[in-house]
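To start, the structure under review is shown below, and the notes come after it.
The values are calculated or read from the model by the stated rules, or taken from the named source; none is laboratory data. On a predicted model such as this, the values are computed, not experimentally measured, just so you know. Reconstructed Cβ throughout: ideal geometry from the backbone, glycine too, with neighbour counts over all protein chains shown. Keep in mind that these areas ignore ligands, DNA and RNA; they rest on the heavy atoms of the full protein, side chains included. Shrake-Rupley method; radii C 1.70, N 1.55, O 1.52, S 1.80 Å.
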Amino acid sequence: MIKIVSFKICPFVQRVTAALEAKKIPYEIEYIDLNNKPQWFLDVSPNGQVPIMITTNGVTLFESDAIIEYIDDEHGPLEQGVTNEQRALDRAWSYLGSKNYLTQCGTMSSKDKATFEQRTDKFQTAFHKVEKQLSGQSKFFKSDTLSNIDIAWLPILHRAAIVKAHSGFDFLCGLPKAQAWQQAVLATGLADKSVAADFNEKFSDFYLSNTYLTEGKDIQSTACRSTSCCG
Ligand SMILES: N[C@@H](CCC(=O)N[C@@H](CS)C(=O)NCC(=O)O)C(=O)O
(Lines give C-alpha, C1' and ligand atoms only; values in the text may rest on other atoms or scores of the structure.)
Protein backbone atom coordinates (compact mmCIF):
# COMPACT_ATOMS: atom_id res chain seq x y z
CA MET A 1 0.00 0.00 0.00
CA ILE A 2 1.07 3.58 -0.62
CA LYS A 3 2.49 5.29 2.47
CA ILE A 4 2.38 9.01 3.15
CA VAL A 5 4.66 10.58 5.72
CA SER A 6 2.92 13.57 7.21
CA PHE A 7 2.76 16.36 9.73
CA LYS A 8 -0.82 16.80 10.92
CA ILE A 9 -1.41 20.42 9.93
CA CYS A 10 0.71 20.55 6.77
CA PRO A 11 -1.27 21.90 3.77
CA PHE A 12 1.15 20.32 1.27
CA VAL A 13 0.34 16.91 2.76
CA GLN A 14 -3.39 17.64 2.71
CA ARG A 15 -3.26 18.42 -1.01
CA VAL A 16 -1.80 14.94 -1.59
CA THR A 17 -4.17 13.09 0.75
CA ALA A 18 -7.14 14.97 -0.77
CA ALA A 19 -6.06 13.80 -4.24
CA LEU A 20 -5.81 10.21 -2.97
CA GLU A 21 -9.20 10.47 -1.27
CA ALA A 22 -10.80 11.98 -4.39
CA LYS A 23 -9.63 8.99 -6.41
CA LYS A 24 -10.38 6.52 -3.61
CA ILE A 25 -6.80 5.24 -3.62
CA PRO A 26 -5.97 3.42 -0.36
CA TYR A 27 -2.98 4.67 1.61
CA GLU A 28 -1.50 4.51 5.06
CA ILE A 29 -0.14 7.50 6.86
CA GLU A 30 2.62 8.04 9.38
CA TYR A 31 2.96 11.29 11.29
CA ILE A 32 6.32 12.63 12.33
CA ASP A 33 7.46 15.45 14.58
CA LEU A 34 9.06 18.07 12.35
CA ASN A 35 10.93 19.49 15.35
CA ASN A 36 12.51 16.12 15.89
CA LYS A 37 12.71 14.43 12.49
CA PRO A 38 13.47 10.72 12.76
CA GLN A 39 16.69 9.55 11.12
CA TRP A 40 14.85 7.10 8.83
CA PHE A 41 12.90 10.08 7.43
CA LEU A 42 16.03 12.20 6.92
CA ASP A 43 17.66 9.24 5.18
CA VAL A 44 14.90 9.03 2.52
CA SER A 45 13.64 12.62 2.22
CA PRO A 46 15.98 14.70 0.03
CA ASN A 47 14.44 18.02 1.11
CA GLY A 48 13.77 16.99 4.71
CA GLN A 49 10.12 17.98 4.24
CA VAL A 50 6.73 16.31 4.29
CA PRO A 51 4.92 15.04 2.36
CA ILE A 52 6.86 12.09 1.10
CA MET A 53 5.08 9.23 -0.60
CA ILE A 54 6.48 5.72 -0.55
CA THR A 55 4.99 3.95 -3.56
CA THR A 56 3.90 0.33 -3.61
CA ASN A 57 7.26 -0.40 -5.30
CA GLY A 58 9.06 1.11 -2.32
CA VAL A 59 10.19 4.25 -4.18
CA THR A 60 10.21 7.45 -2.13
CA LEU A 61 8.70 10.46 -3.90
CA PHE A 62 9.01 14.00 -2.58
CA GLU A 63 7.72 17.49 -3.43
CA SER A 64 3.92 17.69 -3.47
CA ASP A 65 3.73 18.96 -7.09
CA ALA A 66 5.65 15.90 -8.29
CA ILE A 67 3.57 13.57 -6.12
CA ILE A 68 0.32 14.99 -7.54
CA GLU A 69 1.60 14.43 -11.09
CA TYR A 70 2.61 10.87 -10.17
CA ILE A 71 -0.88 10.16 -8.80
CA ASP A 72 -2.38 11.33 -12.12
CA ASP A 73 0.14 9.38 -14.19
CA GLU A 74 -0.31 6.21 -12.17
CA HIS A 75 -4.03 6.25 -11.42
CA GLY A 76 -5.46 8.43 -14.17
CA PRO A 77 -6.60 12.06 -14.05
CA LEU A 78 -9.72 13.28 -12.26
CA GLU A 79 -11.10 14.57 -15.57
CA GLN A 80 -10.93 13.03 -19.00
CA GLY A 81 -10.19 14.82 -22.29
CA VAL A 82 -8.20 17.74 -20.89
CA THR A 83 -6.10 19.38 -23.62
CA ASN A 84 -2.40 20.04 -23.08
CA GLU A 85 -3.07 23.78 -22.93
CA GLN A 86 -5.80 23.31 -20.34
CA ARG A 87 -3.54 20.99 -18.34
CA ALA A 88 -0.85 23.69 -18.33
CA LEU A 89 -3.43 26.21 -17.12
CA ASP A 90 -4.66 23.78 -14.47
CA ARG A 91 -1.10 23.38 -13.18
CA ALA A 92 -0.61 27.14 -13.16
CA TRP A 93 -3.80 27.80 -11.17
CA SER A 94 -2.87 24.94 -8.85
CA TYR A 95 0.55 26.52 -8.36
CA LEU A 96 -1.08 29.82 -7.46
CA GLY A 97 -2.90 27.94 -4.73
CA SER A 98 0.03 25.97 -3.31
CA LYS A 99 2.28 29.04 -3.51
CA ASN A 100 -0.11 30.66 -1.05
CA TYR A 101 -0.07 27.88 1.57
CA LEU A 102 2.76 29.44 3.50
CA THR A 103 1.34 32.93 2.95
CA GLN A 104 -1.84 31.79 4.68
CA CYS A 105 0.09 30.10 7.48
CA GLY A 106 2.11 33.28 8.04
CA THR A 107 -1.03 35.41 8.03
CA MET A 108 -2.79 33.20 10.56
CA SER A 109 0.31 33.24 12.79
CA SER A 110 0.40 37.05 12.97
CA LYS A 111 0.62 38.31 16.51
CA ASP A 112 -0.48 41.90 16.03
CA LYS A 113 -2.98 43.89 14.01
CA ALA A 114 -0.53 45.66 11.70
CA THR A 115 1.21 42.42 10.73
CA PHE A 116 -2.11 40.62 10.30
CA GLU A 117 -3.55 43.32 8.05
CA GLN A 118 -0.42 43.60 5.94
CA ARG A 119 -0.22 39.81 5.44
CA THR A 120 -3.97 39.51 4.87
CA ASP A 121 -3.77 42.09 2.06
CA LYS A 122 -1.06 40.07 0.35
CA PHE A 123 -2.86 36.76 0.87
CA GLN A 124 -6.19 38.10 -0.39
CA THR A 125 -4.61 39.17 -3.71
CA ALA A 126 -4.79 35.55 -4.81
CA PHE A 127 -8.47 35.33 -3.90
CA HIS A 128 -9.23 38.47 -5.90
CA LYS A 129 -7.62 36.80 -8.93
CA VAL A 130 -9.71 33.69 -8.29
CA GLU A 131 -12.89 35.73 -7.96
CA LYS A 132 -12.27 37.23 -11.42
CA GLN A 133 -11.57 33.83 -12.92
CA LEU A 134 -14.60 32.01 -11.47
CA SER A 135 -17.65 32.03 -13.72
CA GLY A 136 -20.08 31.75 -10.84
CA GLN A 137 -22.03 29.31 -13.02
CA SER A 138 -20.35 26.07 -11.98
CA LYS A 139 -19.81 24.30 -8.68
CA PHE A 140 -16.08 23.97 -8.90
CA PHE A 141 -13.25 26.11 -10.27
CA LYS A 142 -13.73 25.15 -13.92
CA SER A 143 -16.93 23.16 -14.13
CA ASP A 144 -19.17 20.85 -12.14
CA THR A 145 -16.42 18.23 -12.19
CA LEU A 146 -13.81 18.31 -9.46
CA SER A 147 -10.34 19.05 -10.85
CA ASN A 148 -6.76 19.26 -9.64
CA ILE A 149 -7.22 23.02 -9.19
CA ASP A 150 -9.94 22.40 -6.59
CA ILE A 151 -7.68 19.91 -4.85
CA ALA A 152 -4.75 22.36 -4.82
CA TRP A 153 -6.86 25.09 -3.22
CA LEU A 154 -8.70 22.77 -0.83
CA PRO A 155 -6.21 23.16 2.06
CA ILE A 156 -6.50 26.96 1.87
CA LEU A 157 -10.29 26.94 1.60
CA HIS A 158 -10.53 24.46 4.48
CA ARG A 159 -8.32 26.56 6.77
CA ALA A 160 -10.19 29.74 5.84
CA ALA A 161 -13.46 28.05 6.86
CA ILE A 162 -12.04 26.99 10.23
CA VAL A 163 -10.71 30.50 10.87
CA LYS A 164 -14.13 31.96 10.03
CA ALA A 165 -15.92 29.50 12.33
CA HIS A 166 -13.58 30.27 15.24
CA SER A 167 -13.01 34.00 14.90
CA GLY A 168 -15.64 35.31 12.52
CA PHE A 169 -12.92 36.66 10.26
CA ASP A 170 -13.45 35.72 6.62
CA PHE A 171 -10.47 35.75 4.26
CA LEU A 172 -12.99 35.50 1.40
CA CYS A 173 -15.03 38.45 2.53
CA GLY A 174 -16.68 40.34 -0.30
CA LEU A 175 -15.89 37.57 -2.81
CA PRO A 176 -19.21 35.78 -3.38
CA LYS A 177 -18.02 33.48 -6.17
CA ALA A 178 -15.01 32.37 -4.15
CA GLN A 179 -17.27 31.80 -1.13
CA ALA A 180 -19.63 29.63 -3.18
CA TRP A 181 -16.65 27.69 -4.55
CA GLN A 182 -15.36 27.19 -0.99
CA GLN A 183 -18.75 25.77 0.06
CA ALA A 184 -18.83 23.42 -2.93
CA VAL A 185 -15.31 22.13 -2.27
CA LEU A 186 -16.04 21.61 1.44
CA ALA A 187 -19.33 19.87 0.59
CA THR A 188 -17.39 17.10 -1.18
CA GLY A 189 -16.29 15.93 2.29
CA LEU A 190 -12.70 15.67 1.04
CA ALA A 191 -11.39 18.32 3.43
CA ASP A 192 -12.38 16.29 6.48
CA LYS A 193 -11.40 12.97 4.94
CA SER A 194 -7.92 14.20 4.07
CA VAL A 195 -6.87 15.16 7.60
CA ALA A 196 -6.52 13.37 10.93
CA ALA A 197 -9.50 13.19 13.29
CA ASP A 198 -7.87 15.72 15.63
CA PHE A 199 -6.96 18.17 12.85
CA ASN A 200 -9.18 21.01 14.08
CA GLU A 201 -7.75 20.74 17.58
CA LYS A 202 -4.12 20.69 16.38
CA PHE A 203 -4.78 23.50 13.92
CA SER A 204 -6.47 25.63 16.57
CA ASP A 205 -3.69 25.02 19.08
CA PHE A 206 -1.19 26.23 16.53
CA TYR A 207 -2.93 29.10 14.76
CA LEU A 208 -5.85 30.09 16.93
CA SER A 209 -4.27 30.56 20.29
CA ASN A 210 -1.96 33.46 21.13
CA THR A 211 -2.38 34.95 17.67
CA TYR A 212 -4.07 38.15 16.58
CA LEU A 213 -6.91 36.08 15.11
CA THR A 214 -8.04 35.10 18.58
CA GLU A 215 -6.35 37.57 20.88
CA GLY A 216 -7.06 40.67 18.82
CA LYS A 217 -9.81 42.55 20.63
CA ASP A 218 -10.47 44.59 17.49
CA ILE A 219 -10.52 41.72 15.00
CA GLN A 220 -14.14 42.68 14.37
CA SER A 221 -13.07 45.97 12.86
CA THR A 222 -10.17 44.47 10.93
CA ALA A 223 -11.04 44.25 7.24
CA CYS A 224 -14.38 42.40 7.13
CA ARG A 225 -16.10 40.04 9.44
CA SER A 226 -18.79 37.63 8.42
CA THR A 227 -21.31 39.47 10.52
CA SER A 228 -20.58 42.82 8.93
CA CYS A 229 -19.86 43.27 5.25
CA CYS A 230 -20.16 39.60 4.43
CA GLY A 231 -23.39 39.12 6.31
N1 LIG B 1 7.94 22.30 -1.56
C2 LIG B 1 7.50 21.33 -0.58
C3 LIG B 1 7.07 22.08 0.66
C4 LIG B 1 6.66 21.13 1.80
C5 LIG B 1 6.76 21.82 3.16
O6 LIG B 1 7.03 23.03 3.26
N7 LIG B 1 6.52 21.03 4.21
C8 LIG B 1 6.71 21.55 5.55
C9 LIG B 1 5.53 21.21 6.45
S10 LIG B 1 4.05 21.99 5.91
C11 LIG B 1 7.93 20.87 6.17
O12 LIG B 1 8.16 19.69 5.99
N13 LIG B 1 8.71 21.64 6.93
C14 LIG B 1 9.84 21.14 7.62
C15 LIG B 1 11.12 21.74 7.15
O16 LIG B 1 11.11 22.50 6.16
O17 LIG B 1 12.17 21.42 7.75
C18 LIG B 1 6.36 20.48 -1.16
O19 LIG B 1 5.62 21.02 -2.00
O20 LIG B 1 6.24 19.29 -0.82
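Looking across the stretch 36-68, the residues that are in contact with a helix residue (DSSP H, G or I) (Cβ under 9 Å, 6 or more places away or on another chain) and at positive phi come down to G48, E63. Screening Y27 against (1) within 21 Å of T188 (Cα to Cα); (2) touching a residue at least 40 places away in the same chain (Cβ under 8 Å) leaves a single unmet condition, (2).
Take G106 and tell me if it is of a type outside the set (S, T, N, Q), surrounded by 12 or more Cβ atoms within 10 Å (Cβ to Cβ), free of Cβ contacts under 8 Å to residues at least 24 places away in the same chain and within 14 Å of the ligand (Cβ to nearest atom).
Spelling it out, G106 is indeed of a type outside the set (S, T, N, Q), surrounded by 12 or more Cβ atoms within 10 Å (Cβ to Cβ), free of Cβ contacts under 8 Å to residues at least 24 places away in the same chain and within 14 Å of the ligand (Cβ to nearest atom).
Residue pairs whose Cβ atoms lie under 6 Å apart, sitting 6 or more positions apart in sequence or on different chains, and linking a residue in the stretch 137-160 that is under 16 Å from K193 (Cβ atoms) to a partner that is open to solvent by 30 Å² or more (accessible area, probe 1.4 Å) and not small (G, A, S), are L146/L78.
Residues that are under 28 Å from M108 (Cα atoms) and more than 9 Å from the ligand (Cβ to nearest atom) within the stretch 15-31 comprise T17, A18, A19, L20, E21, A22, I29, E30, Y31, listed in sequence order. Restricting the stretch 32-75 to residues that are among the hydrophobic types (A, V, I, L, M, F, W, C) and more than 11 Å from the ligand (Cβ to nearest atom), the residue that is nearest to the chain's Cα centre (by Cα) is I71.
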